[in-house]
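Enquirer: Before I ask anything, here is the structure I am working with.
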Amino acid sequence: MSERLDYTSRARRVAFQYPLFSHLSIQINFWIIAHLSFGLVNYLILRSFMTSANFVMGDTLWSSFLLALILGFLFGISFGMIEYYLENRIFRRKSLGRVMIFKAILSFIVSLILFYIIRYVLFEKLIAPMVDLSAIKLNEESWKYIFYLFLIHTFFMNIIISFINQMNKKFGPGILLPLLLGKYRSPKEEERVFMFMDLQSSTSIAENLGHIKYSAFIQESFMDINDVVPKFRAEIYQYVGDEIVISWALSEGLKDLSCIAFYFACEAQFNKRASAYQNEYGTVPKFKAGVHLGKVTAVEIGEIKRDIAYHGDTLNTTARIQSVCNDYGKYLLASKELIDFAKITAKYNVASIGKIQLKGKRNLVDIMSVEEK
């Protein structure tokens, strides 16, 4: 199996290692493109006036592009910084409706601040000389219409960037561009590591808590797992009831043994918040997991609801490995194929379970348990 770091893997690595930089770069690039488009439209409108009216202005196209770069950077930093810190510290556990209302109010306030900075600080010193507007005197009426235009443009651009951010959250970093380019329209073979994590004693916990509180328990457990995901360059493939499926590109999963270290980092996260779980639910989440590697095909599926799906024997085998954890009293089982390929015996206690006849498999699968030293 060869190690190949494609665009998606590189994008995910940057997003996970430098989350603030990744977020700001998306925001800045978007706002630069938005202002470039806006500047080009304004330039063409001005040129059309020049052909039919007694109106003369120098060629401002390149200066408009330079101005778009400056404004794009200003807008990207402003909106990006605010959204990044609010998403991670305030919005995370709020309802979607409240988040949308709060964001709309905050965006309006930020837009007002940026408008006044442009009008009273940047216009005379930077914008007017750059686009040859020094001879034009704008009165209050002119600024009123500019303000309306500014708000409308900023409002709709914020909607678009919010959509892009939501798409990135749904599919993960580095997926949106290949998706738009049609990479997954036809099946593509990939080498990946998969981990199926299932809540231990889920039936008894659900009976004790009731379905409403049990759902809150699952939600909080998954949020804690989500906190661990970026540190180990993992991808959340699916949520299925009280089970979560984690995936890595082969090179990412084997780098620093991320596919194994991830499980124990999740356990550490649960133990760190054990008192909060005990106080609220009377129990601390404990997950059993199976991990395996191999070739799969990735393809875009669905029409009414689209998604990227992985198919192949690798997923079936991983799910079956996880399903026998209770049979052997183990919390983390892995295929011997992964153990040998990753060479993890130096860092973890690994013991052979033996060759097992997994449900639905014709051939025996060599399985090993993994524990922290």
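Enquirer: Can you name the residue in region 129-183 that is open to solvent by 80 Å² or more (accessible area, probe 1.4 Å) and of a type in the set (Val, Ile, Thr) and is also modelled with the highest pLDDT among such residues?
Expert: Within region 129-183, the match that is modelled with the highest pLDDT is ILE152.
Enquirer: Restricting attention to region 201-226, which residues are of a type in the set (D, E, K, R) and loosely packed, with under 14 Cβ neighbours inside 10 Å?
Expert: Hit for region 201-226 is GLU207, nothing else.
Enquirer: Given the criterion buried (at least 17 other Cβ atoms within 10 Å of the Cβ) and either farther than 27 Å from MET223 by Cα or modelled with pLDDT under 95 (or both), identify the matching residue among GLY290, GLY302, GLY294.
Expert: Answer to the selection: GLY294.
Enquirer: Within 29 Å of ASN316 (Cβ to Cβ) and over 19 Å from the mean Cα position of the chain (by Cα): is that true of SER142 in this structure?
Expert: So SER142 fails the test.
Enquirer: If you don't mind, another one. I'd like the full set of residues that are modelled with pLDDT of 85 or more, more than 12 Å from PHE79 (Cα to Cα) and either polar (S, T, N, Q) or open to solvent by 40 Å² or more (accessible area, probe 1.4 Å) (or both), limited to region 14-37.
Expert: ASN29, ILE33, LEU36, SER37
Enquirer: Moving on. If I filter region 305-323 down to residues being touching a residue at least 24 places away in the same chain (Cβ under 8 Å) and open to solvent by 50 Å² or more (accessible area, probe 1.4 Å), which single residue comes out as farthest from VAL193 (Cα to Cα)? If you could, list the steps in order and put the result at the bottom.
Expert: Pass one, region 305-323, residues touching a residue at least 24 places away in the same chain (Cβ under 8 Å): 308, 310-311, 314-323.
Then drop every residue that is not open to solvent by 50 Å² or more (accessible area, probe 1.4 Å), which leaves 311, 316, 320, 323.
Numbers: HIS311: 13, ASN316: 12, ARG320: 15, SER323: 17 Å.
Out of the qualifying residues, it is SER323.
Enquirer: Which of the residues spanning region 184-200 are open to solvent by 60 Å² or more (accessible area, probe 1.4 Å) and part of a loop (DSSP other than H, G, I, E, B)?
Expert: Selection gives ARG185, PRO187.
Enquirer: Report the residue count in region 324-348 for those that are surrounded by fewer than 18 Cβ atoms within 10 Å (Cβ to Cβ), modelled with pLDDT of 90 or more and of a type in the set (S, T, N, Q).
Expert: The qualifying residues number 1.
The values are calculated or read from the model by the stated rules, or taken from the named source; none is laboratory data. Since the structure is predicted, the reported quantities are computational estimates derived from the model, not experimental observations. Every residue, glycine as well, gets a Cβ built from its backbone with ideal geometry; the counts of neighbours run over all protein chains shown. Ligands, DNA and RNA are stripped out before the accessible areas are found, and what is left, the full protein with its side chains, is counted by its heavy atoms. Shrake-Rupley method; radii C 1.70, N 1.55, O 1.52, S 1.80 Å.
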